[in-house]
Amino acid sequence: MISLDDTIVAISTPIGTGGIGIVRMTGPDSVRILRQLFVPGPGGADLPIEPRTLHYGYIADPVAGEIVDEVLAAYMPAPRTYTRQDVVEINGHGGIVALRRILSICLRQGARLADAGEFTARAFLNGRLDLAQAEAVLDIVRAKTEVSLQAAVGQLAGRLSAQVRSVRAGLVRALAYLEASIDFEEDEIPGRDIGYDLVQAAVALTQLLADADRGIIYRQGIRAAIVGRPNVGKSSLLNRLLRTSRAIVTDIPGTTRDTLEETLNLQGVPVVLVDTAGITEGTEDPIERLGIERSRSALVQADLALLVVDASQPLTSADQAIAALVKDKAAIVVANKVDLLAAAPDTEPRAAALDSPIAGAACVPVSALTGQGMESLEETIVGTVLSGQVAASEAPVVTSPRHKDALSRALDHVNAARAALQGSELVDLVAIDVSAAVQALGEITGQTASEDLVETIFSTFCIGK
């Protein structure tokens with residue numbers, strides 16, 4: 001149970017060395033604790049702590065009687081604050097020792113260490129944000145691309161909430177009519193076309209869901225495992241995609257012994273590229289065997305497989321064996337080393353019309369050495385990830401699997417209510433489905449969310465946010 005009647009405190013900036021570090025407090029005792037710790041700087045000894053003003057001074061330890069840090073302190077009174085409670089922010093130097101010292105002094109003066117996400121939880125419980133907006137705060141913090149940031153900022157501004165509330169309000173009006181028609185005679189209540197209300201709700205929910213899968217991809221990204229036999233250029237491909245020398249590359253097969261992960265922004269889609277050790281059979285090297293096991297594990301966890309083959313050589317049994325491992329996964333065949341075909345014109349021209357070893361998978365000829373074909377590969381990756389959906393210029397409205405699930409359940413209930421209405425079923429049966437749709441939509445904004453759901457959502461936040 002999230003408490004609202006005590007004062008919480010946390011370090012709100014990342015742990016480590018930085019120019020500025022912030023200790024944040026909120027609750028009824030925030031300003032009292034600040035007054036016990038804050039020593040005004042020169043010329044400020046007789047000045048009160050004015051609201052919404054940065055005050056220069058020091059934080060002193062009342063017990064030890066010594067200065068801990070030079071700070072800028074601000075006091076923001078309720079209700080015009082992030083949490084709609086009194087808020088104090090102490091801006092000190094970014095060293096972890098000083099920040100932890102300030103934190104410990106605040107705790108000694110009666111504050112409690114904030115739980116994960118508790119500041120935003122208080123903003124939600126005090127009505128400043130609804131649940132979808134609160135979730136957007138974490139999405140902004142975690143955004144990996146401009147598109148995912150744009151979507152999160154839109155959600156924080158209420159873009160999703162406004163549409164959900166509009167649909168829900170229409171369904172609530174329909175439900176009120178249905179329940180009234182159960183309790184009163186038909187001639188005692190004004191007529192209403194419930195069928196029209198349900199059609200409008202179904203259309204709006206369908207539109208929201210149409211872009212949900214793309215939105216979830218922009219928010220969460222995908223994992224792409226680069227797999228293949230040894231020495232086909234997997235690490236070179238990683239480096240070329242990243243446009244930097246991240247992985248060690250040599251002509252010696254088996255150079256890569258472990259998986260290596262880096263995040264790439266492809267047209268707004270966060271793609272976690274996983275470079276893997278070459279998959280081969282029969283090796284006696286225990287370290288190489290361990291690397292192969294990790295390669296197989298990375299492939300299982302991946303959303304997309306990039307199967308790298310050597311375009312200058314015929315497909316080998318090892319290529320076919322690896323292709324069999326990825327046949328049930330979204331995959332792209334990358335025919336690498338096409339530059340060798342130009343250097344040796346007598347070589348079998350496989351890159352021009354390479355038969356993909358994976359049925360239905362695109363095959364893209366590239367040269368990780370020269371960069372040839374890389375733009376086409378990036379386009380193919382995005383096209384495969386988005387399943388043919390156009391990467392629209394406007395950020396998607398729905399980006400969360402939780403929201404998609406609630407919208408899907410609401411649409412199912414609306415369609416069930418429409419079917420019951422058209423089949424002249426009892427009004428009670430229609431009302432049951434309309435009520436369930438209203439409940440599902442309320443889970444998105446928090447109007448009908450359970451306490452367990454709320455606590456689960458905020459437990460994923462960082463402490464101090």
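Residues in region 131-157 that are open to solvent by 50 Å² or more (accessible area, probe 1.4 Å) and assigned to a helix (DSSP H, G or I) were compared, and the one that is farthest from Arg84 (Cα to Cα) is Glu146.
Consider region 366-391 and keep the residues that are open to solvent by 50 Å² or more (accessible area, probe 1.4 Å) and in a loop (DSSP other than H, G, I, E, B). The one that is modelled with the lowest pLDDT is Val390.
Say we look at region 392-413 and pick out the residues that are open to solvent by less than 40 Å² (accessible area, probe 1.4 Å) and either more than 19 Å from Val203 (Cβ to Cβ) or part of a loop (DSSP other than H, G, I, E, B) (or both); which of these is modelled with the lowest pLDDT? Checking each candidate, the answer is Ala395. For beta carbons closer than 9 Å, sequence separation of 6+ or different chains, a first residue in region 111-137 that is at positive phi and a second that is not β-branched (Val, Ile, Thr), the qualifying pairs are Gly117/Ala134; Gly117/Leu138; Gly117/Phe458; Gly117/Ser459; Gly117/Phe461; Gly117/Cys462; Gly117/Lys465; Gly127/Arg84. Figure legend. Inter-residue proximity from region 412-425: first residues without any contact (Cβ under 8 Å) to a residue 40 or more places away in the chain, second residues in a helix (DSSP H, G or I), beta-carbon distance below 6 Å, spacing 6+ or different chains. Indicated pairs: His413/Asp433; His413/Ala436; His413/Ala437; Ala416/Asp433; Ala420/Leu429; Ala420/Val430. The numbered conditions (1) open to solvent by less than 80 Å² (accessible area, probe 1.4 Å); (2) among the hydroxyl-bearing types (Ser, Thr, Tyr); (3) modelled with pLDDT under 90 are all true for Ser245 except (1). Of the residues that sit in region 429-449 and are within 22 Å of the chain's Cα centre (by Cα) and not charged (D, E, K, R), which one is modelled with the lowest pLDDT? It comes out as Ala449.
Taking the conditions (1) closer than 20 Å to Gly117 by Cβ; (2) at pLDDT 95 or above; (3) open to solvent by 40 Å² or more (accessible area, probe 1.4 Å) in turn, Met1 satisfies each one other than (2). Working only within region 70-113, note down all residues that are of a type in the set (S, T, N, Q), closer than 13 Å to Val9 by Cβ and either open to solvent by 30 Å² or more (accessible area, probe 1.4 Å) or not in a loop (DSSP other than H, G, I, E, B) (or both). Matches in region 70-113: Ser104, Gln109.
The values are calculated or read from the model by the stated rules, or taken from the named source; none is laboratory data. Every value quoted in this text rests on a predicted model; they were computed, and no experiment measured them. Glycine also receives a Cβ, built like all others from the backbone with ideal geometry; neighbour counts cover every protein chain displayed. Note: accessible area is taken over every heavy atom of the protein model, side chains too, but ligands, DNA and RNA are not part of it. Shrake-Rupley method; radii C 1.70, N 1.55, O 1.52, S 1.80 Å.
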